[in-house]
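Below is one structure, written out as C-alpha cells; comments come after it.
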Amino acid sequence: MSRGTCAISLPNGKAYLFQGTTYTRMDFATGFAEQNDLDTATHWPGLRADAADAAVYYGFGKAYFFYGDEYVRYEVGSNGPEGVEADYLPPNAPFTTAQFWPGVGAGALDAVLNWGTGKLYFFRGADYLRYDLTLDRVDDNYPRPIASGWPGLWADGVDAALYQGGSFAYFFKGSEFCRYNVDTDAVDAQDSISALQLDPVPPAMLKAARDLTLPEANAIMGYQIQAGKYSLRATSTPYAGDWQTGITSPQPATHVVVQPTSVGGITYENDAVHQTLIDNVDQRMLVALYRLTRWLNSSAPDVSTILHKGIGHGSGLPNDCHNQGRALDFSGVQGTLDGAAFDKRVLADWGKLPAVAGAATRLDPAVDPLADLLFRTAFTFGTFECECNGIGPANRWPRKRLGDAGGYVIHPDYIDGPGENLRAQHQDHIHMQVGKTRI
C-alpha cells in the first residue's frame, strides 16, 4: 500500500482496504478477505474516484474520509456504506480539516484510528495527534513522534491503519503490515500484506452497546473474558465454551454475575455498600461497563475505581432498566493524578455546585478541571454507547450535548421536559441505560 490508500473498519463486522479505485473487504469473524478488487464508485456512493488518504469510523453511523486538506462525512447503515452526505458534495464548498477538526491542522493525513476509548489518532508523516471526542479537539502536547509513542512501528510514517476493536491494530506501509498489540502497547509481528490475516473478533465488535442483540453481546462478552478483561462468578453464571466455536454458558439472555468487580483493570464499587460481586447484569450493559473503563483511563489521570449507586438493581418496578440489569448510576471516580490521590463525586463536585447564570452546566474547567474532564467524559461515553436521544435504532445524529434538553443520559444539569422531574432526582449521579426504561 502507498499514497492513495486507506483502511476503515465498520460496525457491520467488515474491514475495508482501499487502494486506487478498488478495495478489498475483510471479515471480522474469520480475519480473511472476502472479496478483492471491488469497485469503490459502485459500492461507496459519493466517494471520490481515487482512494482517500485516510478514513475513520466516528460513531453514530458516521465515517469520515480525508482527501488532502479536505474531508467528507459518510453515512453508514446497519449493513454497511450508504453514501456521502449531500452537504459534503459539489456544488457545496469543501469542508477543510483545519477548519472543522480543532488542532489537526492542514496537510494530508496518512491514517486515522478510532481507538474505542473516546480518542482518535491522526497520523501525518513521522508524527501523530491524539484527538479527544469529549472535548472535540486535539489533546495538549501533540503532535508527538511516532517513534516515541508507538514502539516498533515505522518511525517515518504509515500508509494506512485499521482497528477492529479487539486486541490488535494493523498498520500498513508499502507492501508490508505491522500488527500492533493493544495490551502490550508494541508491535508484535510484521509481514507481507499478501500474508495478512486479521485477528478474528466478534462481528458486532464496533457496534454501540445499545445496538447489540443479546447473541452479539454474548459473543463480545466471551471475547473479553477470554482476553482477561473480567471474570464471571463460577458458582453463579460460569463461563464455558469459546466465542468463536460456541459459548455454552451463559446463554445470551442470562443476566450474569461478575466477580471480582474489576472490569478492564478498574474496580466498580457501590458507593454505599461494599460488594464483592456485581450481579443481575444484562450482557449488553456488561459490554458497556468494560468500554467505560477504556474511556475513563484513555489518558491522565489514572483511574482505579468507578463508583456507582447500583448496577443490576434499583428501587423501581421489576420491569425497569435498573432491575433488569440494563442501567448504571455512575456516581464518581477515584484514582491518582501526577502521583496524588483524588476522589471526585458527582454530588459534591457537580450536583452541589451553585448555579451559574447563563451557563449550560455548573461544571467549569477553570474551577475544577479534573472533575470537569471526568464527568464530561462519562457523559459523552453515555451518548455514544448507551441510549442517547432515542431507543436503539431511534438514536440519531447529532448526539446530545451536555447543555441539550432531554435524552436518556441524565445528569445534575439535565433539562427536564414537560412534566418531568429528572434533574432533581439525578444530582448525585449520571444515569445511563441500554434499552427501554421499562419493558
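Readers should treat all values here as calculations from the given coordinates under stated rules, not as data from a laboratory. These numbers were taken from a predicted model, which means no experiment stands behind them. All Cβ positions, glycine included, derive from the backbone under ideal geometry; neighbour counts span all protein chains shown.
Based on DSSP H segments of at least four residues, each scored -39500 (n - 2.57), the chain has a per-residue ellipticity at 222 nm of -4000 deg cm²/dmol.
The C-alpha atoms of the stretch 5-195 occupy a region whose extents along the principal axes are 44, 39, 27 Å, arranged from largest to smallest.
Based on the Kirkwood approach, the hydrodynamic radius assigned to the stretch 85-204 is 15.6 Å, with every pair of different Cα atoms included. Rounded, prolate or oblate for the stretch 320-386? Axes are the square roots of the Cα gyration tensor eigenvalues, ordered a ≥ b ≥ c, and the cut-off for rounded is a/c under 1.5. It comes out oblate by the Cα gyration axes. Each Cα pair under 8 Å and six or more residues apart adds its separation to the average, and for the stretch 289-413 the resulting relative contact order is 19 percent. Note on the stretch 31-87: Kirkwood radius taken over Cα pairs, Stokes-Einstein applied at 20 °C and 1.002 mPa s, translational D equal to 176 µm² s⁻¹. Taking all Cα pairs closer than 8 Å and separated by 6 or more residues, the relative contact order of the stretch 5-195 comes to 14 percent.
What you get for the chain, charging only the Cβ of Lys and Arg (+1) and of Asp and Glu (-1), is a dipole of about 760 debye around the Cα centre.
The slack in the chain from A189 to A33, taken as 0.36 nm per residue of separation less the alpha-carbon distance, amounts to 54.3 nm. Take the alpha-carbon centre of the stretch 43-82, take the same for the stretch 183-198, and report the distance between them in whole Å. Cα centroid of the stretch 43-82 versus Cα centroid of the stretch 183-198: 25 Å apart. Ranking A209, T383, H322 by how far each Cα lies toward the positive end of the dipole of the chain (charges on Cβ) leaves H322 at the top. Checking the Cα-Cα distances for K119/K173; K119/K436; K62/K119; K14/K173; K229/K436; K207/K344 against a 18 Å cut-off, the pairs over it are K119/K173; K119/K436; K14/K173; K229/K436; K207/K344. A simple spin-label model places the labels of A93 and T267 5.5 nm from each other, with each point 7 Å out along Cα-to-Cβ. So if I take the centroid of the Cα atoms in the stretch 215-277 and the same for the stretch 351-415, what is the distance between those two points in Å? Computed from Cα coordinates, the inter-centre distance equals 29 Å. Based on the Kirkwood approach, the hydrodynamic radius assigned to the stretch 238-361 is 16.2 Å, with every pair of different Cα atoms included. For the stretch 135-258, the alpha carbon convex hull comes to 152 Å³ per residue, rounded to a whole number. The residues S9, S78, S262, when put in order of fewest to most other Cβ atoms within 10 Å, stand as S78, S262, S9.
Per residue, the Cα convex hull of the stretch 223-292 amounts to 86 Å³. Residues with beta-carbon under 10 Å from that of Y23, excluding Y23: net charge, scoring Lys, Arg +1 and Asp, Glu -1? Overall, the nearby charge balance is -1. Here the Karplus relation 6.51 cos²θ - 1.76 cosθ + 1.60, evaluated at θ = phi - 60°, turns the backbone of the stretch 38-46 into coupling constants of 6, 7, 5, 4, 6, 9, 10, x, x Hz, with x for every Gly and Pro. Ranked from largest, the principal axis spans of the Cα set of the stretch 289-361 equal 43, 35, 17 Å.
Remark: relative contact order (the chain) = 11 percent; criterion is Cα-Cα distance under 8 angstrom and separation of 6 or more residues. Model label sites at Q427 and Y142, defined 7 Å from Cα along the beta-carbon direction, differ in position by 3.8 nm. Projected over every direction and averaged, the convex hull enclosing the alpha-carbon atoms of the chain yields 21.5 nm². Relative to 2.2 N^0.38 Å, what does the C-alpha radius of gyration of the stretch 207-246 come to as a ratio? Two decimals please. Against the compact-globule rule of thumb, the ratio is 1.18. Computed over all pairs of different Cα atoms, the Kirkwood value for the hydrodynamic radius of the stretch 113-183 is 12.5 Å.
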